[in-house]
Amino acid sequence: MGTVYAIANQKGGVGKTTTAVNVAACIAEAGRETLLVDVDPQANATVGLGLPRSQVPGLYEVLTGAATADQALTDTAIPGLQVLPAGPGLAGANVELPRAEGFEQRLRECLEPVRDLFEYILMDCPPSLGPLTVCALVAADRVIVPVQTEYFALEGLAGLLETLALLQRELNPRLTVAGMLLTMHDSRTRLARDVEREVREHFPELVFDTVIPRNVRVGEAPSYGLPVTHHDPHSAGAAAYFELAKEVAARG
Ligand code: ADP
Ligand code: MG
């Protein structure tokens, strides 16, 4: 049975989608069957893998029972990487989901029939701790927390870890933190170096050794509908995501 990762942080713009898309692509490239589930109504992961925002059936149809996860699986340009797209109705799920008792388990139940098809399942979460993120964290075995190396990096992280601990106690005893990932790191600036040191001091065991540099190729890759590892495999950004994928796999 595959390992399920949620890429989560309630802050927006910290590199969740970029990390989900690129780690998924690297793992698939290493020959492992991989699924990326787009849990964010903004559908950036779906679009970043070259699929239309309007692709149906998507996760909304799956969560509401109009389609099975199997029916929503879609091939990407990367061999071994499939995506379960967000679909245009997903924003509504944040309102509709909490009306049903036990909604927190819904995504986990929906993914159960396809878990055996994949060695790795990655879920790109929205920038909030709303119902969709809760569903993803209940479906997950591990969480990867991207942290942008900027001034307010530490803000919200302690709270996020408390929320993860609460979820683990109440809803998902399997849940563990795979690691925190420093993203968009600009090694030329003292601020980035200071933030990195501070985050590593606060969370010594948790931070991945690999740091993702700020890299133009990483930022532009989604406009080509490709992970950076395929858009420019020789870029510093691609190299960092290949390293990270190895570290994620090694941490198990
Ligand atoms: P989130 O999903 O957390 O909101 P994104 O992954 O969408 O964050 O990243 C926010 C923005 O920063 C996007 O425009 C993305 O292309 C860009 N970005 C992410 N990581 C990098 C990086 N390492 N270098 C340059 N730009 C990046
Ligand atoms: Mg995103």
Seminar exercise, completed: Over segment 38-58, the set of residues within 14 Å of ligand 1 (Cβ to nearest atom) and either of a type in the set (A, V, I, L, M) or touching a Phe, Trp or Tyr at 6+ places or on another chain (Cβ under 8 Å) (or both) is Val39, Ala43, Ala45, Val47, Leu49
Problem set entry | Conditions (1) outside any loop (DSSP other than H, G, I, E, B); (2) under 16 Å from Pro222 (Cα atoms); (3) in contact with a Leu (Cβ under 8 Å, 6 or more places away or on another chain); number of the one not met by Gly50 | (1)
For this session: Please give the number of the condition Thr133 fails out of (1) within 16 Å of ligand 2 (Cβ to nearest atom); (2) among the hydroxyl-bearing types (Ser, Thr, Tyr); (3) over 25 Å from Arg251 (Cα atoms).
Result: (3)
Exercise. Which of the residues that make up segment 82-128 are in contact with a Ser or Thr (Cβ under 6 Å, 6 or more places away or on another chain), modelled with pLDDT under 95 and within 16 Å of ligand 2 (Cβ to nearest atom)?
Worked result: none
For this session: Please indicate, with yes or no, whether at least one residue in segment 216-224 is of a type in the set (Lys, Arg) and at pLDDT below 95.
Result: no
For this session: Return the residue satisfying two criteria in turn: it lies in segment 195-242 and is of a type in the set (S, T, N, Q) and assigned to a helix (DSSP H, G or I), and of such residues it is surrounded by the most Cβ atoms within 10 Å (Cβ to Cβ).
Result: Thr229
Exercise. How many residues are of a type in the set (D, E, K, R), under 19 Å from Tyr120 (Cβ atoms) and more than 9 Å from ligand 2 (Cβ to nearest atom) when one looks only at segment 3-29?
Worked result: 1
Exercise. Which of the residues belonging to segment 172-218 are touching a residue at least 60 places away in the same chain (Cβ under 8 Å) and more than 24 Å from Thr3 (Cα to Cα)?
Worked result: Met184, Val218
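The values are calculated or read from the model by the stated rules, or taken from the named source; none is laboratory data. This structure is a prediction, so every number in the text was calculated from the model and none was measured. Cβ sites come from the backbone with ideal geometry, for glycine too, and all protein chains shown count toward neighbours.
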